[in-house]
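K.L.:
Structure in structure tokens, see below.
The values are calculated or read from the model by the stated rules, or taken from the named source; none is laboratory data. Given the structure is predicted, the values throughout are model-derived calculations rather than measurements. Here the Cβ is made from the backbone with ideal geometry for all residues, glycine too, and neighbour counts use every protein chain on show. The accessibility values were calculated without ligands, DNA or RNA, using every heavy atom of the protein model including side chains. Shrake-Rupley method; radii C 1.70, N 1.55, O 1.52, S 1.80 Å.
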Amino acid sequence: MRATDEPIIIESLGRLNEYGADDLFICCASFEERSISAVERLSGNFRVRFSIIFVIEEPVYQQQIDTNLFKIQGMLSRKTSEGVFVIRCQRDDPPEGISQLKAVWKRCRPKDDDEPHITLDISGFSKIYLLGLMHYLVAELNLGLPRILHTTQTYAPSRLTQGVHQITTVANFFGSMSLEKETVLVLFLGFEAERSQSVWKQFNPSRTICLITVPRDGNEEYVRYAEKNNELLLAQPNVEVRHVAADSPYEIRNTLEAIHDEFKTTANMIIGPFGTKPQTVGIFVFWLEHPRIQIVYSFPSQYTKSYLNRKPGKTLMLPLANVTRGAV
């Protein structure tokens with residue numbers, strides 16, 4: 001398994017299928033401006049049979065969501081030959097959104113399940129939706145990992161969410177917990193201290209490993225703010241800090257593999273994804289090989305307007321080898 005490949009910056013994205021249109025393009029129209037960036041970079045010769053646009057409802061930002069949806073629909077309609085599907089779903093109910101995808105799957109499934117041509121733009125998805133979608137495509141349908149795109153956004157030292165109103169184990173990622181073992185909690189930390197700390201309180205682990213992102217550009221201010229933002233949690237006993245990559249799923253997979261090797265005989269492993277979306281992809285890749293681990297999530301009470309002040313950055317194609325087919 002490749003572990004060190006770096007993401008590729010995308011200026012113009014061609015199709016995967018050299019003999020014709022790709023099978024499927026999947027994205028999410030969110031209130032973030034970056035949710036339209038990947039579609040804007042589709043090349044002149046890009047063609048796809050079907051496109052699926054998820055719309056995760058967020059009433060406070062409905063105007064921004066509808067504006068971005070209109071733009072994405074317009075651009076994809078010119079690239080899509082057989083149909084554009086829009087799936088509207090609730091923020092707090094990912095299984096319902098995935099069930100809508102299952103309902104239309106027979107109409108838009110790849111021509112050849114053994115060689116699908118699927119592109120997934122993760123930029124607009126919440127992390128819990130991303131995990132549910134990848135579980136369906138990779139673990140349930142056994143299609144292997146799709147081509148994954150991610151648009152970064154400009155850094156700003158500000159809170160992204162406020163409050164916590166629900167803590168849950170992610171559907172299909174319940175794992176297999178032993179009552180005879182202690183719990184090691186692995187938290188990917190960002191700028192949402194309330195959410196990660198609420199998970200820490202809920203699960204009362206014997207040991208916590210906090211993973212803080214080190215941006216590829218070496219932005220030390222980002223690291224300092226993330227550490228300061230989470231200083232209350234980091235000051236607790238039996239909490240350890242480690243640094244991890246921002247945008248390489250296999251580096252994340254290898255980091256988690258090393259942690260798992262430390263504790264696999266003595267402790268249950270629970271993971272909380274509150275870092276970047278590419279890190280969440282890495283968590284999923286790790287889970288494919290270790291389905292006994294558990295993934296947990298806390299829903300924010302609301303998103304702050306800080307998101308609206310962040311401008312789209314580079315669009316990246318994440319380094320992923322299609323080697324996980326049949327892993328689960």
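K.L.:
For the range 1-15, name all the residues that are at pLDDT below 95 and either in a loop (DSSP other than H, G, I, E, B) or among the polar types (S, T, N, Q) (or both).
P.N.:
Answer for the range 1-15, where residues must be at pLDDT below 95 and either in a loop (DSSP other than H, G, I, E, B) or among the polar types (S, T, N, Q) (or both): Met1, Arg2, Ala3, Thr4, Asp5, Glu6, Pro7.
K.L.:
Now for a different question. Out of the strands (runs of 3 or more DSSP E) lying entirely within the range 16-94, which hold 1 or more residues that are hydroxyl-bearing (Ser, Thr, Tyr) and surrounded by 14 or more Cβ atoms within 10 Å (Cβ to Cβ)? First the steps, then the outcome.
P.N.:
Working: elements: 22-28, 48-57, 80-90.
Counting at least 1 such residues, we get 48-57, 80-90.
K.L.:
Name the residue that is most open to solvent (accessible area, probe 1.4 Å), counting only residues in the range 196-243 that are β-branched (Val, Ile, Thr) and part of a helix (DSSP H, G or I). Spell out the reasoning first.
P.N.:
Of all residues in the range 196-243, those β-branched (Val, Ile, Thr) come to 199, 208-209, 212-214, 223, 239, 241.
From what's left, part of a helix (DSSP H, G or I): 199, 223.
On the way: Val199: 0, Val223: 21 Å².
Out of the qualifying residues, it is Val223.
K.L.:
Looking only at the range 226-255, which residues are in contact (Cβ under 8 Å) with a residue 40 or more places away in the chain, in contact with a Ser or Thr (Cβ under 9 Å, 6 or more places away or on another chain) and β-branched (Val, Ile, Thr)?
P.N.:
Answer for the range 226-255, where residues must be in contact (Cβ under 8 Å) with a residue 40 or more places away in the chain, in contact with a Ser or Thr (Cβ under 9 Å, 6 or more places away or on another chain) and β-branched (Val, Ile, Thr): just Val244.
K.L.:
Of the residues in the range 32-52, how many are under 12 Å from Lys71 (Cα atoms) and among the β-branched types (Val, Ile, Thr)?
P.N.:
Of the residues in that region, 2 qualify.
K.L.:
Collect the residues in the range 99-127 that are within 13 Å of Cys28 (Cα to Cα), among the β-branched types (Val, Ile, Thr) and assigned to a helix (DSSP H, G or I), keeping them in residue-number order.
P.N.:
none
K.L.:
Where residues in the range 244-263 are within 29 Å of Pro146 (Cα to Cα) and of a type in the set (D, E, K, R), which of them is surrounded by the fewest Cβ atoms within 10 Å (Cβ to Cβ)? Working first, answer last.
P.N.:
Filtering the range 244-263 down to residues within 29 Å of Pro146 (Cα to Cα) leaves 244-261.
Keeping just the survivors that are of a type in the set (D, E, K, R) gives 247, 251, 253, 257, 261.
Numbers: Asp247: 23, Glu251: 20, Arg253: 23, Glu257: 17, Asp261: 9.
This residue is Asp261.
K.L.:
Among the residues of the range 138-158, write down those that are buried (at least 21 other Cβ atoms within 10 Å of the Cβ), at pLDDT 95 or above and not in a loop (DSSP other than H, G, I, E, B).
P.N.:
Listed by number, the residues that qualify are Val138, Ile148, Leu149, His150, Thr151.
K.L.:
Please give the number of the condition Ile118 fails out of (1) at pLDDT below 95; (2) under 22 Å from Leu16 (Cβ atoms).
P.N.:
(1)
K.L.:
Please state which of the following conditions Phe70 fails to meet, knowing it meets all the rest: (1) within 17 Å of Thr151 (Cα to Cα); (2) at pLDDT 95 or above.
P.N.:
(1)
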